[in-house]
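The next block holds one structure in the form of structure tokens; read it before the comments.
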Amino acid sequence: MTFTQQLLTIGVVILGTMLTRFLPFLLFPPHKPTPPLVHDLGRLLPGAVFALLVVYCLKNVSLTAGSHGIPEAIAIAVVVALHLWKRQTLLSIAGGTVVYMLLVQTVF
């Protein structure tokens, strides 16, 4: 990359970052009510993201080969148990990830 290309790339990245940071404040000013669609998205998207994450994480699990999906099932159980216990999403995800990695690296 030439120096000019580097400067242009940095400028585009800065512009894109600033646009994504400031655009919500421009579209939804504080003195106007937030549209119902935005409230609905805020309520529905977290669950949809987690559903997609589960599907993505389990798409290549084979129940007939290898570890038969046992480490994945244990990690899912840990995520569910942690979430029901503490109700903290980050803790649930981190705990399940740590358990899964320990199982894969040491047991399976």
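The values are calculated or read from the model by the stated rules, or taken from the named source; none is laboratory data. Keep in mind it's a predicted model, so treat the numbers as computed, not measured. Please note: Cβ atoms are built from the backbone with ideal geometry, for glycine as well, and neighbour counts cover all protein chains shown. For the accessible areas, the whole protein counts, side chains as well, though only heavy atoms, and no ligand, DNA or RNA atoms are used. Shrake-Rupley method; radii C 1.70, N 1.55, O 1.52, S 1.80 Å.
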At 1.4 Å probe size, put F22, F28 in order of accessible surface, largest to smallest.
F22, F28
May I ask you to evaluate 6.51 cos²θ - 1.76 cosθ + 1.60, the Karplus curve with θ = phi - 60°, for each residue of the range 32-39 and list the ³J(HN,Hα) values in order in whole Hz, giving x for glycine and proline?
10, x, 6, x, x, 4, 5, 4
Once phi is turned into θ = phi - 60°, what whole-Hz ³J(HN,Hα) does the Karplus curve with 6.51, -1.76 and 1.60 give for every residue of the range 85-91, x standing for Gly and Pro?
6, 9, 6, 10, 4, 4, 4
Calculated [θ] (222 nm, deg cm²/dmol) that DSSP helices of n ≥ 4 give over the chain, each run adding -39,500 (n - 2.57)
-25000 deg cm²/dmol
Looking only at trypsin sites (Lys or Arg not before Pro) in DSSP loops with at most 12 other Cβ atoms within 10 Å, what is the longest site-free stretch of the chain?
1-58
Using a Gaussian network for the chain with springs between C-alpha atoms less than 10 Å apart, which of these wobbles most: I70, I93, I14?
I14
Per-residue HN-Hα couplings for the range 101-107, Karplus 6.51 cos²θ - 1.76 cosθ + 1.60 at θ = phi - 60°, whole Hz, x for Gly and Pro?
5, 5, 4, 5, 7, 10, 9
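For the chain, rounded, prolate or oblate, judged on the Cα gyration tensor with a ≥ b ≥ c (square roots of eigenvalues), a/c < 1.5 rounded, else prolate if a/b > b/c?
Working: a/c = 2.98, a/b = 1.55, b/c = 1.92.
Cα axes put the chain in the oblate bin.
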